[in-house]
1. For an R0 of 45 angstrom, estimate the FRET efficiency from the Cβ-Cβ distance between A:Ile95 and B:Gln354 and round to the nearest 0.05.
2. In percent, what relative contact order does chain B have, based on Cα pairs under 8 Å that are 6 or more apart in sequence?
3. Enter the Cα centre distance for the pair the stretch A:126-159 and the stretch B:55-80, rounded to the nearest angstrom.
4. Write down the percent of antiparallel bridges among all DSSP beta bridges whose residues are both part of chain B, to the nearest 5.
5. Does the stretch B:2-131 classify as rounded, prolate or oblate by the C-alpha gyration tensor (a ≥ b ≥ c root eigenvalues; a/c under 1.5 gives rounded; else a/b over b/c gives prolate, otherwise oblate)?
6. May I ask you to list the residues of the stretch B:65-108 whose amide nitrogen lies under 15 Å from a point 7 Å from Cα along the Cα→beta-carbon direction of B:Glu115?
7. Computed FRET efficiency, Cβ-Cβ of B:Glu364 and A:Glu183, R0 41 Å: what is it to the nearest 0.05?
8. Going by accessible area, probe 1.4 Å, with all protein chains left in place, what is the ranking of A:His141, B:His298, largest first?
Amino acid sequence: MKIVVLIKQVPDTYGERKLTSEGLVDRDASDAIIDEISERALEVALQRKDSDKATEVVVLSMGPAEAKDALRKALSMGADAAFHVLDDALVASDIGWTATTLAAAIRHIGDVDLVIAGDATTDGRGGVVPAMIAEHLGLSHLAAVDGLEIGAAVSGSQATESGSRTVHAPLPAIVSITESADEARFPNFKGIMTAKRKPLTVVSLADLGVDPSFPELARSVIVSTAERPPREGGRKVVDEGNAAAELVEFLASQRLISAGSAKGV
Amino acid sequence: MTQTLARTRQDDGFDLTEDERDLSAMVREFAEEVVAPRSYEADREHELPLDVVAQMGELGLFGLPFPEEVGGQGGDYMAFCLAVEGLARVDQSIAITLEAAVGLGAMPVFRHGTEQQKQELLPALLAGKALAGFGLTETGAGSDAGATRTTAVLDGDEWVVTGSKQFITNSGTPITSHVAVTAVTGRTTDASGRERREISTIIVPTGTPGFTVEPAYDKVGWRASDTHPLTLDGVRVPASNLLGERGRGYANFLSALDEGRIAVAALATGAAQGCLEEAVRYANERVVFDVPIAQHQHIAFTIARMRSRVHTARLSWHDAARRRDAGASFKEQAAIAKLVASDAAMLNARDATQVFGGYGFMNESLVGRHYRDSKILEIGEGTSEVQLMLIARSLGLGVQA
């Protein structure tokens, strides 16, 4: 089985995240790391590889030159091969371009049975790239599952408003996993040493047969950017016998609980 | 905030290869995510967290400086020391557990063991599935290890070992497989006609009748590290449990001590670094008289000195480790690294605790633990006085021990 895992390098979640005046991620503002949700997606694939040595895990990333660090970490964790889509024309890609490019790269890798991705990256938070790739490649699609059983088909548990349901899909498929999926392993020392000898292929849009002007696609344009407003002080509820009621009222006003459930208190 | 931390991560690793950087990054992440959350409780309960040890085994840390043929990871001493430094930043007890497991547990078997001893003992030790101790220190034999009183007498095809040992690391954990003890196995006369004790090393497996691991010490620091006195009362082990040549026990141990100093220097550097990072973080957060204390020049300069000590200590152990890995002499450099780095740890722990004020005196605080933990760095693996003696001797100054 060949599994492709989508990897994204993002600004450190705990670091300062800033946009440049053009609305691009300011890459100097903080350390670049492999997105934690990408690591969890890789863990799902590596667990399959642990139980079935014939499984081949390929990691794929689209990003600037530094994105190779994220791919190298994925290789040291246990992936077999890496593909890096690197092209100046991809600076400031939006979701449409990204999905088109990644779909072309998956086609380029070839004979892919399963694609695994995080449900949303911590920087972009679009959450629709996997669905768009499914559309491009005609893959079946499971969105936001908490874990994944991989066999002749794939299945996983999906949270719903009132509980959870199990969903499954035939292969080939693309699956996005949530943060409830298993935490990723650490690379071990041998993994770090062997990562250097594993293939890391850099491809351009031309290699993928993608027109760098994406003529078919509408695209989003950044008109302006603004800093997030500073945090305001919270509201203090002092208990004078009516704290519970005040708390419920506050939570309902913030739509954190529904008025219906509030009545039950 | 991570920004500030990222800046205090300081690139002292100019000489590091890409692999070494990746290894350091991996250990740092493991230390923060797996080791640190357990440290306070482990220290309070005086209990080595064995599940953390098991995970370190999975990462390959116990096999770092050993070749793959014997089950090691194929790294070198530099790699091993980087791992020790990375762990010590958040938890000295865990770092010394690794340092002793490799330097005192596995390394003597790898260096001096017979093929059979290696095949029997190394796989579990290098995977972190077993720990081993080295029993040298006795009531009257510390820095002067030649004063060993424990004896081992050959009776048929068995050694009968009698005596006691003190402060033996990793000797009593549930996964301790053996302790290698030094013992007097005879007396020889040297060229000048003086009688000398012949000291050999004997492997004593855990659970051998007569071998008692006494209750753990109540230590000031390194409290999650496993340390016990040992009693050996007519302990019988096969003659084949002799580790290394008969009569070479002390000499073999001394050679291990030199390289162990580099690892302890790395450990001390990690401690000094941990104190530095905590001090920078807290000084930026803590507001006194309307400004963060980092803006008070005294605090800023205190921290600048801390940083300078880390830098000096790190360069010092890097140099000693590189020399060792290149096959060059490193005795003097190891002594200097141990001296400088243990000073750095003790002084940085003291300064960081001062920056923290009362909070630093709480056992929950990392700097408070480093304050207790760092003192032993000036004592173990050769006291600072022993390092000074070695450095003085390397200059041709004829000082007496």
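The values are calculated or read from the model by the stated rules, or taken from the named source; none is laboratory data. Please read all numbers here as calculations on a predicted model, not as lab measurements. Note: ideal-geometry Cβ built from the backbone for every residue, glycine included; neighbour counts use all protein chains shown. Please note that ligands, DNA and RNA were not included when accessible areas were found on the heavy atoms of the full protein model with its side chains. Shrake-Rupley method; radii C 1.70, N 1.55, O 1.52, S 1.80 Å.
1. 0.30
2. In percent, rounded to a whole number, it is 16.
3. 39 Å
4. Bridges in chain B are about 85 percent antiparallel.
5. oblate
6. From the stretch B:65-108, the list is B:70.
7. My answer for the efficiency is 0.95.
8. Correct descending sequence by accessible area is B:His298, A:His141.
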